[in-house]
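Structure first, then comments.
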There are 2 protein chains.
Amino acid sequence: MAKKIAKVVGNMLIAQSGGPTVVINQSLVGAVLEAKKHQEIQKIYGALHGIKGILNEDLIDLGRESVATLKAVAQTPSSGLGSVRKKPTPEDCAKIFEKLKKHNVRYFFYIGGNDSAETAHIINEEAKQAGYEMHCFHIPKTVDNDLRENDHTPGFASSAKFVAQAFMGDDLDNAALPGVKINVIMGRHAGFLTAASALARTYPGAGPHLIYLPERPFDLEKFPEQVKAAVDKFGRCVVAVSEGISDSSGLAIAAAFTKEVDSHGNVQLSGSGALGDALVGLIKQKTDITRVRADTFGYLQRSFPGVVSENDAKEAFAAGREAVKCATGADVDGSIAIRRKPGKQYQIYFERVELRSVAKETRHMPDAFIAPNGCDVTKAFLDYARPIVGKLPQIGRFKRIPVKK
Amino acid sequence: MAKKIAKVVGNMLIAQSGGPTVVINQSLVGAVLEAKKHQEIQKIYGALHGIKGILNEDLIDLGRESVATLKAVAQTPSSGLGSVRKKPTPEDCAKIFEKLKKHNVRYFFYIGGNDSAETAHIINEEAKQAGYEMHCFHIPKTVDNDLRENDHTPGFASSAKFVAQAFMGDDLDNAALPGVKINVIMGRHAGFLTAASALARTYPGAGPHLIYLPERPFDLEKFPEQVKAAVDKFGRCVVAVSEGISDSSGLAIAAAFTKEVDSHGNVQLSGSGALGDALVGLIKQKTDITRVRADTFGYLQRSFPGVVSENDAKEAFAAGREAVKCATGADVDGSIAIRRKPGKQYQIYFERVELRSVAKETRHMPDAFIAPNGCDVTKAFLDYARPIVGKLPQIGRFKRIPVKK
């Protein structure tokens, strides 16, 4: 392949940040393999555990990893370089540049969500102020699918596939032993992953029968009534609840059951069954339903090997490759956004967008994706999600021809 | 295929009981397809929701389901006929015979665990006392792997595969964002499924770093110390905990956090995150570790479509077929047990055993499978479990060649 010379010659550094996904290593390896094609990129460094690894100079030489290893890592869940949840202080940024300069890093790539985009944005601004010539790119990743500018983000589709498959099985489990089953799904402010549970419906009467998203206020009075109504109708009820559901004042329902806060100021929602258990208690207290259970899908949603959307894996790899192409091309900085082409056939393209346009704030489920009753999704959402998530397992059911009593 | 005439001509009834598995329908369909070959079996009925369906005469005509439907159902998780957790009273048994006689049922098959074997045993004894000629067979199923007489039971290997894969991903997640991660696994009295987490270890230092089984008393004092020691050694700690862990007096640790009891007298363990959350609280209280999380794998372990051990699916199907072969052959009643042939090559065979020999009591992890320190498994367990569970996803990791600071 033809090699071209870009504006500045130097080393590349790439790192991963935030919650892992099953395809975040695809982006990493996509970037590394593309970087190997460009002469202006000399050494290819990976920082261990994001900016923490830069601060501590815990760097590894990714250029010396074999292609076989790179390909194996690409197909492995979780962040191969390790991750971090750390918002750099101004002092951190000053130190980061010291380290980047010391290692002559001229191409910097940070894979992560909106918090990570903010981190990349801060580092980029500091670099500009310091007059240090560096190409700085954010590569998108988040199972929450809440990055602005993007049709969807790498990591979401595979987690959505996990959630949909889990609901397919759990709905059949609930049909076998009827009762109320509440499943708590990841998604702090955006309901996309919870909404993906609707993909599990493959026959009339299939669950989830109720879907509660963080985009609509959760009503503790109405909830038991809606569950009771579903049980009266279906003889059972499977419920999808976002971990991020909040009351009408915006207070997280889960906040009453947990106290932990990370350095970005986010309340810990995952890694606890408290919300699900509290909702079970509510149903038992307010209705006469006896069999009520809750599962919190937890970290399995973002790290389960073997349940991967093919599109997601491809797009994650391509997003990493695209970032290096942009950085070695005409662009100085930016974030790689995934856009969808209009038309019936599912097709995406990448667009470079400003770092600040994806940093900090998050995207929510659009109103058109949420049913008017507030506890279901629309056909528009299913049409949006199906091609991204791809094929789901086939479910077989008996015709159930009754025998005369 | 040649058809033979057995002692008694009449209808067959099959039902499913207890917790669903991803391969319980393989056994059902294996039995139905075999039954179609035998002239002495006339109608093939399925009772909906186990003995409840017999009592209510909620029967369906499985003989009229197409082979395509049967094959699709075989590959679908959860109990296609619906399930039940109900221990029949003597009055129930009297009524069951009324219904069985009314429908001229002469071949009765009940798929389930030890509680279900007990139910089949009671029904069989009642039939004998009533002088009603009926072939009565129990077909084994349980993700807990706790049926006596069996090397392992259909359903276990697929759930074990799910647990192992979940730990593979979760261990990498924990390696990326280090801390303490506690995963609570199904298994009321038997630790086989929790032990299967050890199959996730594919590199030096991989988790789970601690494995707590119900076969060893759980020490609330020692637990935080052992976790702390693992964190000091590995910089993190992934823990597998059986939902059934008990103190030295035999009292379930989870019992303090739940009150629900089923009709077999069992405390509800699944469908709640209480145990995991309580253990997290304990670690935070007794150590200085700040990032501590828990996930309870819950019903996903037994109902997740697409994560199936090939051996498990085959053996479950063959166990159903074998039951019908025995019932139409020389045998009147019994349970189908899976035995393993000695030797290096993994091979199983079936043996008819007495119903009472698998009823009621459960099997536990043998001492040879449990490490002397009480919080790990032995090589003997891994050698036992690996061929049953089969292939797991490949994990790729970087060599991590350090860059000079």
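Coordinate-derived values only; no laboratory data. All values derive from a computational prediction rather than experimental measurement. Using ideal geometry, Cβ is built from the backbone for each residue, glycine included, and neighbour counts are taken over all protein chains shown.
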Cα-Cα longer than 24 Å, checked against A:Lys7/A:Lys99; A:Lys360/A:Lys391; B:Lys95/B:Lys360; A:Lys314/A:Lys344, kept in input order, equals A:Lys360/A:Lys391
Dividing the mean separation of Cα pairs under 8 Å (6+ apart) by the residue count of region B:131-172 yields a relative contact order in percent of 27
The computed P(r) of region B:324-405 puts the percent of Cα pairs beyond 16 Å at 73
Evaluated at 10 °C and 1.306 mPa s, the Stokes-Einstein D of chain A based on the Kirkwood radius over Cα pairs, in µm²/s, stands at 72
Any residue on another chain or 5+ positions along whose placed amide H is under 5 Å from the amide H of A:Ile185 is listed here as A:Val241, A:Ser242, A:Glu243
Output row for B:Gln129: copy-to-copy label distances, label 7 Å along Cα→C-beta, ascending, in nanometres, one decimal, is 8.7
Inter-copy distances for B:Lys341, label 7 Å out on the Cα-Cβ vector, sorted ascending, nm, one decimal, are 5.6
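Out of all DSSP beta bridges in chain B, what portion is antiparallel? Express it as a percent rounded to 5.
Roughly 25 percent of the beta bridges in chain B run antiparallel, per DSSP.
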What a careful reader reports for the chain A Cβ nearest the rotation axis onto chain B, distance rounded to whole angstrom, is A:Gly273, 1
The summed charge of the B:Ala318 Cβ neighbourhood (under 12 Å; Lys/Arg +1, Asp/Glu -1) stands at -1
Pseudo-spin-label distance A:Lys360 to B:Asp383, built 7 Å along Cα→Cβ, given in nm, is 6.3
Quick note on A:Lys404, A:Lys181, A:Lys101, ordering by fewest other C-beta atoms within 10 Å, gives A:Lys404, A:Lys101, A:Lys181
In a Gaussian network model of chain B with springs linking alpha carbons closer than 10 Å, the residue among B:Thr202, B:Thr76, B:Thr328 that fluctuates most is B:Thr202
Among region A:354-378, those whose backbone N falls under 19 Å of a label point 7 Å along Cα→Cβ from A:Arg340 are A:363-372, A:376-378
Short to long, in 20 Å steps from zero, the percent of alpha-carbon pairs of the protein assembly as shown per bin is 16, 46, 29, 7, 1
Going through A:Lys71/A:Lys341; A:Lys404/B:Lys141; A:Lys222/B:Lys52; A:Lys141/A:Lys341 one by one, the pairs whose alpha carbons sit over 23 Å apart turn out to be A:Lys71/A:Lys341; A:Lys404/B:Lys141; A:Lys222/B:Lys52
Within the under-10-Å Cβ sphere about B:Val32, not counting B:Val32, Lys/Arg +1 and Asp/Glu -1 give a net charge of 0
Listed by chain and number, the aspartates and glutamates with an alpha carbon less than 12 angstrom from that of B:Lys87, same-chain partners under 8 positions apart left out, are B:Asp115, B:Glu118, B:Asp262
Check: C-alpha center region B:342-405 vs C-alpha center region A:145-210, spacing in Å is 32
For the A:Ala130, A:Ser66 Cβ pair and Förster radius 56 Å, calculated FRET efficiency rounded to 0.05 is 0.95
Computed for chain A: size of charge dipole around the Cα centre, +1 on C-beta of each Lys and Arg, -1 on C-beta of each Asp and Glu, debye to nearest 20, value 1400
Per-residue Cβ contact counts at 10 Å, fewest first, order B:Glu65, B:Glu225 as B:Glu225, B:Glu65
Quick shape summary for region B:1-90, equivalent ellipsoid via Cα gyration tensor, semi-axes whole Å in descending order, reads 22, 18, 10
Copies of A:Ala330 compared via label points 7 Å along Cα→Cβ give distances in nm, shortest first, of 8.5
Yeah, region B:320-364 with a ≥ b ≥ c from its alpha-carbon gyration tensor (a/c under 1.5 is rounded, else prolate when a/b outruns b/c, oblate otherwise) is oblate
Computed, not fitted: 222 nm per-residue ellipticity of chain B from DSSP H runs ≥ 4 (each -39500 (n - 2.57)), nearest 500, equal to -11000 deg cm²/dmol
The exposure ranking of A:Ser27, A:Ser249, fewest beta-carbon neighbours within 10 Å first, is A:Ser249, A:Ser27
Once both label points are put 7 Å beyond Cα along the C-beta direction, the B:Thr287-B:Ala330 separation in nm becomes 5.9
With Rg from the Cα atoms and Rh as the Kirkwood inverse mean 1/r over Cα pairs, region B:59-114 has an Rg/Rh of 1.02
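Tell me, what is the FRET efficiency for A:Asp232 and A:Lys101 to the nearest 0.05, using R0 = 45 angstrom and their Cβ-Cβ distance as r?
On the way: r = 68 Å, r/R0 = 1.50.
In this case the efficiency is close to 0.10.
Restricting to Cα pairs below 8 Å that are 6+ residues apart, what does the relative contact order work out to for chain A? Please round to a whole percent.
On the way: 886 pairs, mean separation 87.3, N = 405.
Over chain A, the number comes to 22 percent.
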The summed charge of the B:Lys286 Cβ neighbourhood (under 11 Å; Lys/Arg +1, Asp/Glu -1) stands at 0
When chain B is treated as a Gaussian network with springs between alpha carbons less than 10 Å apart, the largest mean-square fluctuation among B:Asp151, B:Asp61, B:Asp333 is found at B:Asp61
